[in-house]
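Comments concern the structure below.
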Amino acid sequence: MSKPISNELRALLATRQFYVADLYTFSGGLLAPNVLRYCAGDRDISANGFLYTAGGLAGPYFDRRDNKAKCHWKLGVEVDTLIFDVLPGTATVLDEPFLQAVHAGQFDGAELLLERAYMPVYGDVSRGTVIMFVGRVAEIDAGRSIATFTINSHLELLNLMMPRNLFQAPCVNNLGDAACGVNLSSYAINGAVNVGGSSQTIIGGSTVTGVLTTPGYFILGKLVFTSGKNNGLARTVTFYNSSVGAFIVLNPFPTAPANGDTFTVYPGCDKTLDADGCPKFNNQARFKGEPYTPVPETAV
């Protein structure tokens with residue numbers, strides 16, 4: 001598969017004397033708004049206005065030389081794949097050990113950009129980089145000392161059922177999207193961690209009590225930290241204990257919050273016409289479900 005390159009890089013490749021290093025960029029998913037940039041070379045490289053960190057003494061170390069660690073490009077609309085191994089070393093992701101971050105799902109849904117730098121002298125990327133692969137993290141097989149990443153190209157997004165919307169009891173809209181029309185910012189509630197012993201999944205904060213209209217007001221909502229080590233990170237709320245002001249989130253935060261860390265929490269929607277659905281937002285007019293569709297066992 002041909003790749004667009006500059007004339008300067010073409011001339012460098014013609015000399016057959018150059019250094020090569022792969023550059024990995026992880027962004028989006030549960031990592032957002034953070035961006036991780038790694039270099040598979042021996043030393044750090046600055047390219048495209050960013051610093052790509054090499055493994056050095058701490059890691060992580062990226063390996064694509066294994067028989068299975070390759071890019072697979074296919075003609076047509078079949079999904080392209082990239083597989084590579086990562087030796088974590090003592091590296092951390094958002095202050096969490098690399099493998100622990102993998103097991104906690106920190107890379108779930110993340111976007112990967114793989115570039116290759118060809119350099120006449122190591123570190124000289126003036127000839128530009130070549131984009132080798134772009135996709136999303138599909139699967140990570142993590143053991144005790146190594147993690148194998150499988151990345152699918154964005155052609156995977158074409159694997160959609162047609163028609164797009166099916167007849168189903170719950171609403172097909174997503175809370176806050178254009179079809180739903182709810183302005184979530186008007187429902188934002190600010191809080192602060194003020195209960196000792198908060199963990200990566202249990203967030204203690206009592207400043208939001210007194211605003212509940214139903215027992216499940218925050219369930220399926222979103223909690224976003226606005227300060228502290230988790231600043232900018234968001235997680236889905238699965239439970240709220242109003243008596244002690246504690247939230248439980250679906251995926252753990254990389255770091256347990258400290259007392260005083262501030263956050264913003266938003267209510268959730270169960271996509272029904274019950275109290276924790278559209279009526280919570282006075283949005284019944286935009287409900288897009290078929291609650292009276294019979295189940296398959298009773299349909300004739």
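The values are calculated or read from the model by the stated rules, or taken from the named source; none is laboratory data. Remember, predicted model here, so these are calculated numbers, not experimental data. Backbone-built Cβ (ideal geometry, glycine too); neighbour counts: all protein chains shown.
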Next item on the list: Looking only at the range 77-95, decide whether some residue is modelled with pLDDT under 95, over 30 Å from L250 (Cβ atoms) and surrounded by fewer than 15 Cβ atoms within 10 Å (Cβ to Cβ).
Entry: yes
Check: Of everything in the range 265-284 that's crowded, with 16+ Cβ neighbours inside 10 Å and polar (S, T, N, Q), which residue is nearest to A188 (Cα to Cα)?
Finding: N283
Checklist line | Among (1) assigned to a loop (DSSP other than H, G, I, E, B); (2) farther than 18 Å from L31 by Cβ; (3) in contact (Cβ under 8 Å) with a residue 60 or more places away in the chain; (4) under 22 Å from the mean Cα position of the chain (by Cα) - the single one F107 does not satisfy | finding: (2)
Next item on the list: Output the number of the condition that D85 fails; it satisfies all remaining conditions of (1) part of a loop (DSSP other than H, G, I, E, B); (2) closer than 23 Å to F26 by Cα; (3) among the acidic types (D, E).
Entry: (1)
Checklist line | Selection from the range 111-133 of residues that are in contact with a Leu (Cβ under 6 Å, 6 or more places away or on another chain) and closer than 19 Å to H154 by Cβ | finding: E115, M132, F133
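Matching residues to (1) of a type in the set (S, T, N, Q); (2) out of contact with any helix residue (DSSP H, G or I) (no Cβ under 9 Å at 6 or more places or on another chain); (3) farther than 20 Å from V35 by Cα:
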site	(1), (2), (3)
D85	no, yes, no
T92	yes, no, no
V102	no, yes, no
G105	no, no, no
V121	no, yes, yes
A138	no, no, no
N152	yes, yes, no
Next item on the list: Go through the range 42-64 and give me each residue that's under 14 Å from E115 (Cα atoms), among the hydrophobic types (A, V, I, L, M, F, W, C) and touching a Ser or Thr at 6+ places or on another chain (Cβ under 7 Å).
Entry: A47
Next item on the list: Return the total of residues in the range 1-40 being of a type outside the set (S, T, N, Q), within 23 Å of K229 (Cα to Cα) and not in a loop (DSSP other than H, G, I, E, B).
Entry: 8
Note to self: Anything in the range 150-175 that is without any contact (Cβ under 8 Å) to a residue 24 or more places away in the chain and either surrounded by 10 or more Cβ atoms within 10 Å (Cβ to Cβ) or touching a Pro at 6+ places or on another chain (Cβ under 7 Å) (or both)? List them, or say none.
What the structure shows: H154, L157, L166, N174
